[in-house]
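Please read the structure below before turning to the comments.
Every read-out reported here was derived from the displayed coordinates using simple, explicitly stated rules and does not represent laboratory data. Remember, predicted model here, so these are calculated numbers, not experimental data. Methodologically, a virtual Cβ is constructed for each residue, glycine included, from the backbone with ideal geometry; neighbour enumeration extends over all protein chains shown.
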Amino acid sequence: MARVGVFIGQFHSDSRIAFDSLASYAANLRAVEKVRLLGLRPKVDVKSLAEEIRREQLDRIVIAGDSPGYFKPAFTRALELAGGDPGEVRLASFREHGAGAAEVTDRAKAVLACAVHGVPYPLVAVPKPTVVHPATLIVGGGVAGIQTALEIADAGKKVYLVERTGTIGGHMAMFDKTFPTLDCAACILTPKMVAVHDHEMIELLTNSEVIGVNGSPGAFKVKVRKRARRVDVSACIACNACTEICPISVWSEFDSQLTHRKAIYIPFPQAVPNAYLVDPEACAWVQSGGTRCGVCVKKCPKECINLDEQDQTVEIEVGNIVLATGYDLLDAARIERYGYGKYPNVLTSLEFERMTNAAGPTGGKIVTKIKQKNRRLKVEEWVADPQGPPPKSVAIIHCVGSRDTNYNPYCSRVCCMYSLKFAHLVREKLPDATCYEFYIDMRAFGKGYEEFMERIKAEGAHVVRGRTAQVIEADGALVVKGEDIVQDRLVQYPVDLVILAVGLVPATGTAELAKVLGVPRDPDGFFSELNYNGDPTYTERGGIYVAGMCQGPKDIPDTVAQASAVAAGVLRSISTGGMGNLDSLALSEIEERAAKMQVRER
Amino acid sequence: MAIRVNPKLINELETYGAADVQNCYHCGNCSAACPFSKEPFLIPRRSMRHLQMGLEEKLKGTLEPWLCYYCGECSQQCPRGAEPGETMMSLRRWLTSRYDLTGVARLFYRSWKAELVALILVSLATMVGFLTMGFGFGHGSLDVYAGAGALFPDHLVHLLDLGLAGLLAAVLLTNAIRMWWLTTGRNRGLHISLWSYVKNAFLLPYHFLTQARYSQCEKKAPWLTHLAIFGSWVTMEVLVILLLERFHHQETIWAVHVFGYLATIGLLGGTTYALVGRLRKRETHYKHTHPTDWMFLILIAGAAFTGIVQHASYRWFGLDSVANIAYVIHMMFVVPLLAVQIPFSKLSHLAFRPLAMYLAAVHADALADVRVGVAQTEPARLAA
């Protein structure tokens, strides 16, 4: 039997591992002949080490600690000098194997025991395979949910995609262009959306919400409430006859409240499923209990409208759950000094996205809002109309509510880049318009982003370093007040349109969902990943994964990458039966299994 | 001239009450939000920057902290919690200690214990002095408050008042001259005409008496509180120094007493409002209270209260002996307030504030080629 020497490095004074207990544990392990604590500031001398190894006749060295690899070269050389096999230097890395949890010392002991026995820790410590239900639930039908769904379904596994609104696509479907390539967002997204719809392995549950989860990782029972769509999806041919006749209009969510939609509507022409739905809050028939209106039912050529349809609750069985619930914008009206909600021509970023979208309410024209009479409510409203006058100057304000201890302390990560994109779109569509960008720090961190920023600057946008303090109205125009830090002077520019790059917050309902699923959240409200660097797609709950913005602000490329990575974890879990993260067994069990494996190895 | 950097400047300022200066990431929100920020004086971010960079000489020569009245708008809007308003306040304390050549102001601002000891010592000295005067030289009686045979004869007290006033004026004048030198005199880049000095001279009494600039803050209550305390205090000084003998006249002279009563109400009301505000900490400018602020307010409130006791016992109840004792205690509040706080501490701003407004106008004249007011033009395009 090999004679093993264990060298334990503490490396950090703040470690919660009980090192004395660890050392005596190591000394009692079979085959361990020598245990030495290296101390807080170890000095490793190869010659004296070799001497020590020769004296103790050691065949195998185990270096334990948070970053034991640091000493591997010295020990390898020492072992070689002493005439041993240099391949017999093993590392027991506590941090790598998650000895940061509550039972740190036990975890450290297990890691150490595995290294002494010469078997890989993950091989020993992963719990016994359980039977995992092959279906997967994905919560949220934005680009993250769509990507994960396609990856998993393309691998031949069943996917349930639950989406709260009437169509999948999420925020990305609202965008016109993506940064930094200025690709058409719809050209990337809509084929994927259609693929989801047509996929035989994907069951789409739009207008639905997860309301309860039972069971354990591998065998979840999920309750989903399917809100009544009141239109038969399979029969609807999207002829628009119902919308034309519907007398009720309300603000359109998909068009960011820039224009109206009817009570029976389709969010946008490319919606998936490509069918209409009824807003029960607005529909006169539903609100009156079936006594008023109901004209759409008579008008429908396919007779597919049933205004009395009721909500249903369905229960589905899945093995894994992927959270891709996305984000919302911070309520810009909270930051009163920017005048959102007070001045009609102060827009949020999403409102501008819709305005500049060729399929949006203005047909892609950038305009200032004009007053229109709402005939039903008999009030004057500010509406983005294609007939509205185009702005001569536009101010884009970064970091609205982001990096601000009063609102969101964190950076929302995408605003700098989409704001630059806005500047490009403004200058592209209105070449004579002046465009100001107010920023604090320009965060152009991704591939091609820095170059994109330089390009926008070269195109002639005025980039002002300095956060804006105020938007006021003077002589019928908006005035943006700020300080130009670089030029050390105060500035105020009269503009026709102000776009606020509003910070991002977790989607509404994130807290409730976290409670239902038992998934922890960050102080900022986003779902917590298991390990920021090592396991960014897992959560503390086995079998539940996160993808996209619901884990923290990120751009589309990162979202899609994470969504694909999630699929890998889900598929691995389905095919091996192992459940997500390395949920450790008890120490005694690990010892037993490690000893057994070692016997088999020898 | 080489620029010297003092890397420990922030640490030094922290001993004057500044905190979180390093949090600032220079977004410029504060300067844009400040109602007083006008070129060439960009308040408060420029000073924050100089402070972070340790540019001690530049800060010594700046007028900007004196142009801030701490309405708190900058601190409220600050996205980093860097407290620019409080930094301006601390800079004013630091500058006061720079203008003072003796180093006493520095000691008092950095150690409240030192200032408290000084206040107590001056207070005790005042007591000893008055007792010596009363029983030693005056041959007076404890039972007589005014007129012949009074314990503290009017002419002696009057002499003391004038002497103290003269001394304080001399100290303040030296400090004011030093302020002028640091901010203006030594600055070779400024070419100031004599006419500019003459033309703007009216600003000195104007700002001294009205604190008009303070009234431009969005919130008016702090200005009114300040004006109440200041106006009452000046009224009292005028009454006591110039009209003391009339004050102690046996007959009640309403022309004098009406002002006296009004001033007392102003002092008590103003200090109570400020003390309550500082205890409740609801408003931004009351959130941080330096020990010197407490001492200042407590001394004024104490002086006002003992003044009332003295007045009431003499005028209303005819208790001359009580009035004499109350008077000594009253002076034990008043003399330390004047002798310590005017030359070396918070109260010195009564000279520096108006002087700063005056010098700011003079500077603005000299920098006429730098646009005053807010720029309306577009920024130069950044090179691609």
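Brief remarks follow.
- Using equal-weight Cα scatterers in the Debye expression, the normalised intensity of the protein assembly as shown in log10 at q = 0.09 Å⁻¹ is -1.07.
- With a threshold of 26 Å on the Cα-Cα distance, the over-threshold entries among A:LYS192/A:LYS226; A:LYS223/A:LYS515; A:LYS378/A:LYS481; A:LYS192/A:LYS515; A:LYS481/B:LYS219 are A:LYS378/A:LYS481; A:LYS192/A:LYS515.
- Segment A:285-299 - phi-based ³J(HN,Hα) in whole Hz, Karplus 6.51/-1.76/1.60, Gly and Pro as x: 4, 5, 5, 8, x, x, 9, 10, 6, x, 5, 5, 4, 5, 7
- Projecting the Cα atoms of B:GLY270, A:THR368, A:VAL463 onto the charge dipole of the protein assembly as shown (Cβ charges, centred on the Cα centre) puts A:VAL463 farthest toward the positive pole.
- Subset of A:LYS262/A:LYS373; A:LYS371/A:LYS392; A:LYS34/A:LYS109; A:LYS342/B:LYS220 violating a 23 Å alpha-carbon distance limit: A:LYS342/B:LYS220
- A crude spin-label estimate for the pair B:LEU131 and A:GLN487, with each label 7 Å from Cα along the Cβ direction, gives 7.0 nm.
- Using a Gaussian network model of chain B in which every pair of alpha carbons under 10 angstrom is joined by a spring, one finds that among B:ASN187, B:ASN29, B:ASN200 the greatest mean-square fluctuation is at B:ASN187.
- Burial order of peptide ranges B:339-346, B:282-289 (average beta-carbon count within 10 Å, highest first): B:339-346, B:282-289
- For chain A, the Cβ-based charge dipole about the Cα centre amounts to some 300 debye (Lys, Arg positive; Asp, Glu negative; other atoms uncharged).
- Reachable lysines, given that their alpha-carbon falls under 16 Å from the alpha-carbon of B:LYS346 and they are not under 8 places away in the same chain: B:LYS113
- Whole-number percent relative contact order across segment A:328-505, with pairs defined as alpha carbons under 8 Å at least 6 apart: 27
- At R0 = 51 Å, FRET efficiency that the Cβ-Cβ distance of A:VAL250 and B:ARG178 yields, to 0.05: 0.15
- Against the rule of thumb 2.2 N^0.38 Å, how large the Cα Rg of segment B:104-366 comes out: 1.11
- Cβ-based net charge around A:TYR160, under 10 Å, with every Lys or Arg adding one and every Asp or Glu removing one: -1
- Taking the fewest neighbouring Cβ atoms within 10 Å as the starting point, the ordered list for A:THR313, B:THR62, B:THR235 is A:THR313, B:THR235, B:THR62.
- Partner chain coverage, peptide B:75-85 - average Cβ within 10 angstrom: 3
- One compactness figure for segment B:9-99 is 0.94, namely its Cα radius of gyration divided by 2.2 N^0.38 Å.
- Residues whose placed amide H lies under 5 Å from that of A:VAL322, excluding near-sequence neighbours: A:LEU137, A:ILE138, A:VAL139, A:TYR545
- For A:LYS457, the aspartates and glutamates whose Cα comes closer than 18 Å to its Cα, not counting residues fewer than 8 places off in the same chain, are A:GLU428, A:ASP432, A:GLU437, A:ASP441, A:ASP484, B:GLU378.
- Under-5 Å amide H pairs with A:VAL35, H placed in peptide plane, nonlocal only: A:VAL6
- Only DSSP H runs of four or more residues enter the estimate; each adds -39500 (n - 2.57), and after division by the residues of the protein assembly as shown the mean residue ellipticity at 222 nm equals -12500 deg cm²/dmol.
- Taking other residues whose beta carbon is less than 14 angstrom from the beta carbon of A:ALA333, and scoring Lys, Arg as +1 and Asp, Glu as -1, yields -1.
- Degrees, to the nearest 10: B:112-131 long Cα axis against longest axis of chain B: 30
- Going by neighbour counts of Cβ atoms within 10 Å, the residues A:PHE19, A:PHE352 line up, fewest first, as A:PHE19, A:PHE352.
- Across segment A:436-446, computed HN-Hα scalar couplings (Karplus, 6.51 cos²θ - 1.76 cosθ + 1.60, θ = phi - 60°) run 10, 10, 9, 9, 9, 9, 8, 9, 10, 9, x Hz from first to last residue, x flagging Gly and Pro.
- Neighbouring partner chain Cβ atoms per residue of A:463-471, average, 10 Å criterion: 6
- Principal axis extents of the C-alpha atoms in segment B:248-356 (largest first, rounded to whole Å): 46, 30, 26.
- Protection proxy ranking of A:565-577, A:441-453 - average other beta-carbon atoms within 10 Å, highest first: A:565-577, A:441-453
- Reachable lysines, given that their alpha-carbon falls under 16 Å from the alpha-carbon of A:LYS447 and they are not under 8 places away in the same chain: A:LYS421, A:LYS554
- Relative contact order [Cα under 8 Å, 6+ residues apart], chain A, whole percent: 14
- Once the mean of 1/r is taken over each pair of separate Cα atoms and inverted, segment A:328-505 shows a Kirkwood hydrodynamic radius of 16.5 Å.
- Taking every C-alpha pair closer than 8 Å and separated by at least 6 residues, the mean separation divided by the residue count of chain B gives a relative contact order of 23 percent.
- 5 angstrom amide H check on A:CYS435, placed H, neighbours 5+ away: A:VAL394, A:HIS462
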